[in-house]
Structures are given as structure tokens and as C-alpha cells.
1. Output the residues belonging to the range 40-59 that are open to solvent by 40 Å² or more (accessible area, probe 1.4 Å), part of a loop (DSSP other than H, G, I, E, B) and not hydroxyl-bearing (Ser, Thr, Tyr).
2. Quick one: would you say Ser182 is of a type in the set (S, T, N, Q) and farther than 30 Å from Ala6 by Cβ?
3. Checking the conditions here, which among Ala127, Ala164 is in a helix (DSSP H, G or I) and under 19 Å from Gly179 (Cβ atoms)?
4. Please go through the range 65-104 and pick out each residue that is in contact (Cβ under 8 Å) with a residue 40 or more places away in the chain, open to solvent by 50 Å² or more (accessible area, probe 1.4 Å) and in a strand (DSSP E or B).
5. With the requirement that a residue be over 12 Å from Pro259 (Cα atoms) and surrounded by 13 or more Cβ atoms within 10 Å (Cβ to Cβ), what does the range 196-219 give you?
6. Give me a count of the residues in the range 115-141 that are closer than 26 Å to Phe263 by Cα and open to solvent by less than 50 Å² (accessible area, probe 1.4 Å).
7. For a quick check of your reading of the model, give me the residue pairs whose first member lies in the range 9-21 and is at pLDDT 90 or above, whose second is of a type in the set (A, V, I, L, M, F, W, C) and part of a loop (DSSP other than H, G, I, E, B), with beta-carbon atoms closer than 8 Å and at least 6 apart or on different chains.
8. Please state which of the following conditions Tyr192 fails to meet, knowing it meets all the rest: (1) among the hydroxyl-bearing types (Ser, Thr, Tyr); (2) in contact (Cβ under 8 Å) with a residue 24 or more places away in the chain; (3) touching a Phe, Trp or Tyr at 6+ places or on another chain (Cβ under 6 Å).
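The values are calculated or read from the model by the stated rules, or taken from the named source; none is laboratory data. Here the structure is a predicted model, which is why all the values come from computation and not from measurement. In this analysis, Cβ positions are derived from the backbone assuming ideal geometry, glycine residues included, and neighbour counts consider all displayed protein chains. Ligands, DNA and RNA are excluded from the accessible area calculation, which covers all protein heavy atoms including side chains. Shrake-Rupley method; radii C 1.70, N 1.55, O 1.52, S 1.80 Å.
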Amino acid sequence: MGDLLAKHYPLPTLKNILSLHIFADYFGAKKLHQITKGSTTTSSLFQATGEAAGTSGYVNITDMKGGKVGFAPVDSDSDGPMATFVKSLEELPYDIAVIQISNTLTSPEAEAPTAAPTDLNVTSLMAKQGCQTFSDMIVSQGVQSTFSDSVQGGLTIFCPSDEALDDFRPRYKNLTAEGKSSLLLYHGVPVYNSLGMLRSSNGLMNTLATEGTKKFDFTVQNDGDDVKLKTKIVTATITGTLIDEDPLAVFKIDEVLLPKELFKAAPPAPAPKPAPKSKSKSKGAAAGGDDGVEEAGGPGPASDDLAAADENDSNYGERVRGGGVAALCFSLALGILAYIC
């Protein structure tokens, strides 16, 4: 590592070089000495992060004469000695292996100057990675300087994807100029937060739009592996990382964050109305029927009997109920008598 440190690379460049030393596959000592056809190519973390162009993030592993195993980035043009396998330090087949090699791995692509986060054009970064619409809104509203000036002290941006903003455009156009600026600044937090920090530090967060009594805050809440951002109006989920390098982190989200200061919560859905009660009570039920609900063609007083009744006789109903009770008592008496006998 001494030769590498002696070159005094900036931290972002060192990060790329070190990323070449982490492979996206398991290679223990046994596997290294039994490589099919004597050679293979594996992806490194430098390739996985998207920092490497083309195939420059891949590393060739070769079984050489005398039982040696060599490692070289595919775009390496180094005249120095090839890095070779020295020994295994720790192996947990087939999850992780830590091996020692003789030299550091490097390549022109990994050593290329890398802009520090404070030098990045934040809006260009978002535009190139699926947040073109949000980037354009920031520029057209003239608040890009607020985002850029905040990077030095730490900044976390949650940019809605282009798909999330498609349906939101009409509502955005209806906002005042001040409202548009506040909405855009609401998606920035003036503190650096990595994804791991967001998972472990759930709670309220102030934003670039927070000022005085205007809270413009939202709640961070992890849900398993997902990190959700909850306003009083909507819940968004982090779906990707554009950059996560102190002091700047930019995450893609699947919903536009709507602050309660600018939008009203949707009214709760009305409770379902209870089903109307049946009004067709059976007259037969009043006389001791089974279920109390009259069915078409069901039992009840004969139509001829009803016609013969005096409609003005107020005791008619009592006589019908009384007859039912008398019949029930008579039946009960017969039952008791039969039991005694």
C-alpha cells in the first residue's frame, strides 16, 4: 500500500482504486487453484458502482505456472509486477473470502481524476440518472444555487423520478412562484445522510424549505430494507442511489413529497352506508311464525279471513295474538299430560 499512498491521490480516486479489490464473487484458495480453463474474469465493486466505463471495472484471474495465481484489471497497462495470490486470511464458503495479494490492483480508469462531491453540478448529476424533470424544475425556478451552496456543509437530496413527476405537473403549475420554490427545497435536507444513517435515525427531518413557523418537515421511517419518507399527505420510498459520498447524498424516490403547508390531505373515504332494514315483517311471525320475515307465498292469515274481519275492530289483532297464545298453552298442556301418563 505504500506505493499507492505515496502518489497522494485524492480520496475519490483512492475509493475507485480500492473498489477494484472487492470482487462480486467468492474466491477462496481452493477455487483460485481450480479455475476452469485456467482463467476467468470477474466484476469488481468499481464496476458495480457504475463509476467504471465499459469493462474497465473487471479483473482477470489467471492460474500461472508453478501454482501461482495472478490478478490484473482488464484495462491495466502497468509495467510493474503482476499482483499474485499470497495466502488466505479468512474464508466462509461460499459467502466471503479475504485473501492477501502481493501488489495493489490499479488501472488508468480507476486512477483518472474524480471530481469531489463539492465540485459536482448537482442538477446535471440528477438529470443524467433519471431525475431530468426535477432537475429542470430546479433550474427554471432559480433555486439551484441553494442546493449547490448547501453541499459544503452537508446535503441530502431526495429527487422524484421522471415517472413520479409525470402526473404531478398540473398540480405544480397551479402553485405560486413561492410555493414552487418551497416544494423543490422541501426535497433537500441540509445534513449529509447515508442510506445506513437514514435506516438507523428514524424521525422528523427539517428541510431547506424550513423557516421560522413554516416547519416543512417530514418523517423518515424504515420498513424492513426500505426507507420511507412520510409527510402528512403522501408516503414515498427510496428506490435508488445517485451518489452517496460525504458530504453529498442524492437518492431517487417514487413519489413527490407534498408538504402540508402547501397541500391538503385527501378527505377520508366515507363509511359504507348500512343496508336498509327489511320492512316486510311477516304477519305470520306475529302469530308465532318461524323466522319473522314474510316470504312470497309464505304462511299467514288466510285472505278470506282477513276480508271477513272488520277493519275498524281494534281488537282484531289482539284476538289473533290471543288465539296463538291459547293454542300454544293447549299444546303445552297436552305435552305435560302425555309425560305424566
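1. If the condition is that a residue be open to solvent by 40 Å² or more (accessible area, probe 1.4 Å), part of a loop (DSSP other than H, G, I, E, B) and not hydroxyl-bearing (Ser, Thr, Tyr), then Gly50, Glu51, Ala53, Gly54 are the ones that fit.
2. Details: of a type in the set (S, T, N, Q): yes; farther than 30 Å from Ala6 by Cβ: yes.
Yes, satisfied.
3. Values: Ala127 fails: under 19 Å from Gly179 (Cβ atoms).
Being in a helix (DSSP H, G or I) and under 19 Å from Gly179 (Cβ atoms) holds for just one of Ala127, Ala164, which is Ala164.
4. Once the filter is applied, which keeps residues that are in contact (Cβ under 8 Å) with a residue 40 or more places away in the chain, open to solvent by 50 Å² or more (accessible area, probe 1.4 Å) and in a strand (DSSP E or B), the range 65-104 yields Lys87, Glu91, Ile96.
5. Of all residues in the range 196-219, those over 12 Å from Pro259 (Cα atoms) come to 196-205, 208, 211-213.
Met197, Leu198, Arg199, Asn202, Met205, Leu208 - these are the residues of the range 196-219 that are over 12 Å from Pro259 (Cα atoms) and surrounded by 13 or more Cβ atoms within 10 Å (Cβ to Cβ).
6. Initially, the range 115-141 is screened for residues closer than 26 Å to Phe263 by Cα, giving 123, 126, 130-141.
Those left that are additionally open to solvent by less than 50 Å² (accessible area, probe 1.4 Å): 123, 126, 130-131, 133-135, 137-138, 141.
Within the range 115-141, residues that are closer than 26 Å to Phe263 by Cα and open to solvent by less than 50 Å² (accessible area, probe 1.4 Å) number 10.
7. Ile17/Leu105; Leu20/Leu105; His21/Leu105
8. It is condition (3) that Tyr192 fails.
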